1. With the full set of protein chains in place, find how many percent of the accessible area of the chain is carbon and sulfur; take the probe as 1.4 Å.
2. Per residue, what accessible area does the stretch 1-103 have, given a 1.4 Å probe and all protein chains present, in Å²?
3. Can you spot the aspartates and glutamates whose alpha carbon is less than 18 Å from Lys204's alpha carbon? Ignore those fewer than 8 places along the same chain.
4. List the relative contact order of the chain as a percent without decimals, with contacts defined as Cα pairs under 8 Å and 6+ residues apart.
5. Taking only Cα atoms, what is the 0 to 90° angle, nearest 10, from helix 154-164's long axis to the longest principal axis of the chain?
6. Past the 29 Å Cα-Cα mark, which pairs from Lys4/Lys101; Lys202/Lys224; Lys19/Lys154; Lys4/Lys89; Lys4/Lys173?
Amino acid sequence: MREKLLIVDDEPDIVTMLKNFFEINGYNVLTATNGLEAIAQAEKQPDLILLDINMPDIDGMEVCSRIRNFVCCPILFLTARIDEVDKIKGFGVGGDDYIVKPFSMDELGARVAAHLRREHRKREAAKVRFDDSLAIDYTERCLYYDGYPIPLAKKEFDIIELLSQHRGQVFSKERIYELVWNYDSEGDASVIAEHIRRIRVKFKDAEMKPYIETVWGIGYRWAKN
């Protein structure tokens, strides 16, 4: 399966140049020329993102901050210049590396390949496999089905993490609310039910088995088998 890159830059010539280079080298390439497009394209779960910092509408730092809620792949910032303060800010919002313009295409290709190899090793080491199809990476907070990542919001993954790590144990809506939201109170049952509904829709769209079972009148549990 070819790895998928997302290239984001507000200069069309740079986007075209990078797209052509990486397609020749065997990658599937998504592109975006502004922040809003980048956020939409990131929902397609690329394996790595090359993200320009200086864009007019929503800059790369803000894009990175917004998509880190549902994207766990490496994000490499493209920038004409960078100082220590900006580096710290970039790493703080979820960036993994910086590529300073102008750059050598061969070096860029090597950096991308190195990040992808490292990411592959990390994911394989951290994944917990539930069956032949489902694996959950609790370190990177990603769920994979048949090798493909399933996009999840933060709280959706938190609920999956709780239930899947206690297979067969039944949790009431109130207990899930207390553990996931960290509120020492009676839970908001409607919030939990809505999040479970969204998770189930994503599972169904991915043609997954219904791993989360309803125990009527009590709560929810992760199926034992």
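1. 49 percent
2. 47 Å²
3. Glu43, Asp131, Asp132, Asp146, Glu156, Glu194, Glu213
4. Taking the mean separation of contacting Cα pairs over the length of the chain, I get 12 percent.
5. 50 degrees
6. In this structure, Lys19/Lys154; Lys4/Lys173 lie more than 29 Å apart at Cα.
The values are calculated or read from the model by the stated rules, or taken from the named source; none is laboratory data. Bear in mind the structure is a predicted one, so any value in this text is a computation, not a measurement. Calculation scope for accessible area: heavy atoms of the full protein, side chains included, ligands and nucleic acids excluded. Shrake-Rupley method; radii C 1.70, N 1.55, O 1.52, S 1.80 Å.
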